[in-house]
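Down below is the structure, laid out as structure tokens.
Only the coordinates and a few stated rules stand behind these numbers; no lab work does. Because the structure is a prediction, the values reported are computed rather than measured. With ideal geometry, Cβ positions are generated from the backbone for all residues, glycine too; neighbour counts draw on all protein chains shown.
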Amino acid sequence: MDCRRIAVISILASLCVGAQLAPRPPNVESTSLICFLTGFLFGALSGALLGALTMFVSGFLSPYGFAGIIMPFQIVGMAVIGFAGGVYRKLLGRNFPAGWQLRLEVSFLASFLTLIYDVITNFGYAIQFNVNLIVALFTGVWFAVVHNISNITLFGGAFFPLTKIICNLVGEKWHA
Amino acid sequence: MHKRTLVIFCLGWLASLILAGCVAGYYYMNFQNLNQILEKYKGCVMRFNICIDYKEWNGTVVWYNDTIVPFGCNLLEATEKVATVNSTYWPAYQASFVNAINGVWKDNSYFWMWYRWINDRWEYGPCGADLYILSDGEILMWRYEIPNYF
């Protein structure tokens, strides 16, 4: 891996952690976008590791307090999103257009991955408070809806422009 | 359409359906909880229907059906459950006089009068609203009007 790529990954990692810890409305976050983007551009493992690292740091330093038993679930959830970025890139192949269809694809994928993340973290909540998983899902559904809508919007609007910018930074050819 | 696109779209729709199901579940759970509470206090509450008639003010009539209040509640307290009421207590009559309901104030000729639905017709209330204790299933009305005894 060349220096430029390492520098960009480091910037993305600090941006990701910073954005996760910054004050923001509950469940509106750009962490999943950055992890997915990292996985997409630098491989599934990089995305998964960044997701795990971000949630590990956030688990201790979050303005909402120490995450406790939910932290491992957050780590797994965000790692899944980062990993999915790499898998998606593999599915797309090297040459792909960045038309409305791909924007829609990313938005739909964001919706699905966000739900997976919410199910995983709600599972942690269910264990912590000893409640049924279905009850935990029902109780937190409005948070999940906000999370889903914000991620759909963010992925649909920002994913491809950011990919283009980062590809230019690392000197990779953009095929759109 | 590419197979990949189709699969991703299906996953997205599946996520939306699951979320919609969870929203429905959330409301169903709340409904069940409230029903349980209602069942618990069944012997302590009653239901009544109340109408607020603003016809003389802006032509509207608003009904509040199946309003739940505790047993022994008087009409003034019950009205305060469904509307913003301004009233003055008159010690001389040992009763309250309603000045305004939902911001519609009495004036020199118009007042808030209350009625009971008895024998298929409206009858004037026999006393002040705070002296009248409601019965289960009763139908009542507040009307903004020039009282017919004027």
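Output the residues belonging to segment B:47-61 that are closer than 13 Å to B:W142 by Cα and surrounded by 14 or more Cβ atoms within 10 Å (Cβ to Cβ). Please lay out each step first, then the result.
Let us first name the residues in segment B:47-61 that are closer than 13 Å to B:W142 by Cα, namely B:49-57, B:60-61.
If the condition is that a residue be closer than 13 Å to B:W142 by Cα and surrounded by 14 or more Cβ atoms within 10 Å (Cβ to Cβ), then B:N49, B:I50, B:C51, B:I52, B:D53, B:Y54, B:W57 are the ones that fit.
Could you check, for segment B:1-22, whether at least one of its residues is within 14 Å of chain A (Cβ to nearest Cβ), more than 17 Å from the chain's Cα centre (by Cα), aliphatic (A, V, I, L, M) and assigned to a loop (DSSP other than H, G, I, E, B)? Explain how you work it out, then say what you get.
Going through segment B:1-22, the residues within 14 Å of chain A (Cβ to nearest Cβ) turn out to be B:1-22.
Right, trim to more than 17 Å from the chain's Cα centre (by Cα) and you get B:1-22.
Still in the list and also aliphatic (A, V, I, L, M): B:1, B:6-8, B:11, B:14-15, B:17-20.
Cutting the leftovers down to assigned to a loop (DSSP other than H, G, I, E, B) gives us B:1.
The answer is yes, given that some residue of segment B:1-22 is within 14 Å of chain A (Cβ to nearest Cβ), more than 17 Å from the chain's Cα centre (by Cα), aliphatic (A, V, I, L, M) and assigned to a loop (DSSP other than H, G, I, E, B).
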For this session: Please enumerate the residues belonging to segment B:19-50 that are among the aliphatic types (A, V, I, L, M), farther than 26 Å from A:V141 by Cβ and out of contact with any Asp or Glu (no Cβ under 7 Å at 6 or more places or on another chain).
Result: B:V45, B:I50
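Can you tell me which residues in segment A:131-176 are small (G, A, S) and closer than 19 Å to A:Y88 by Cβ? Break it down stepwise before answering.
Just the residues of segment A:131-176 that are small (G, A, S), to begin with: A:136, A:140, A:144, A:150, A:156-158, A:171, A:176.
Once the filter is applied, which keeps residues that are small (G, A, S) and closer than 19 Å to A:Y88 by Cβ, segment A:131-176 yields A:G156, A:G157, A:A158, A:A176.
When you go through A:F159, A:F123, A:F143, A:F129 one by one, which is the residue that is surrounded by fewer than 15 Cβ atoms within 10 Å (Cβ to Cβ), at negative phi, among the hydrophobic types (A, V, I, L, M, F, W, C) and in contact (Cβ under 8 Å) with a residue 24 or more places away in the chain?
Working: A:F159 fails: surrounded by fewer than 15 Cβ atoms within 10 Å (Cβ to Cβ); A:F123 fails: surrounded by fewer than 15 Cβ atoms within 10 Å (Cβ to Cβ); A:F129 fails: in contact (Cβ under 8 Å) with a residue 24 or more places away in the chain.
Exactly one residue qualifies, and that residue is A:F143.
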Problem set entry | Matching option when the condition is acidic (D, E) and touching a residue at least 12 places away in the same chain (Cβ under 8 Å), among B:D107, B:D66 | B:D66
Problem set entry | Residue list for segment B:106-150, restricted to those being basic (K, R) and in contact with an Asp or Glu (Cβ under 8 Å, 6 or more places away or on another chain) | B:R116, B:R143
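For segment B:26-46, check the following and say yes or no: at least one residue is assigned to a strand (DSSP E or B), buried (at least 16 other Cβ atoms within 10 Å of the Cβ) and touching a Ser or Thr at 6+ places or on another chain (Cβ under 9 Å).
Taking every residue of segment B:26-46 in turn, at least one turns out to be assigned to a strand (DSSP E or B), buried (at least 16 other Cβ atoms within 10 Å of the Cβ) and touching a Ser or Thr at 6+ places or on another chain (Cβ under 9 Å).
Yes or no: B:W142 farther than 18 Å from B:C73 by Cβ, aromatic (F, W, Y) and surrounded by 18 or more Cβ atoms within 10 Å (Cβ to Cβ)? Working first, answer last.
Numbers: farther than 18 Å from B:C73 by Cβ: no; aromatic (F, W, Y): yes; surrounded by 18 or more Cβ atoms within 10 Å (Cβ to Cβ): yes.
So B:W142 fails the test.
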Problem set entry | Test: A:F143 is away from chain B (no Cβ under 11 Å), of a type in the set (F, W, Y) and more than 18 Å from A:C35 (Cα to Cα) | no
Seminar exercise, completed: Only one of A:I34, A:I70, A:I9 is part of a helix (DSSP H, G or I) and either free of Cβ contacts under 8 Å to residues at least 40 places away in the same chain or surrounded by fewer than 17 Cβ atoms within 10 Å (Cβ to Cβ) (or both), namely A:I34
Problem set entry | Lone qualifier among B:R47, B:R121 - being basic (K, R) and in contact (Cβ under 8 Å) with a residue 40 or more places away in the chain | B:R47
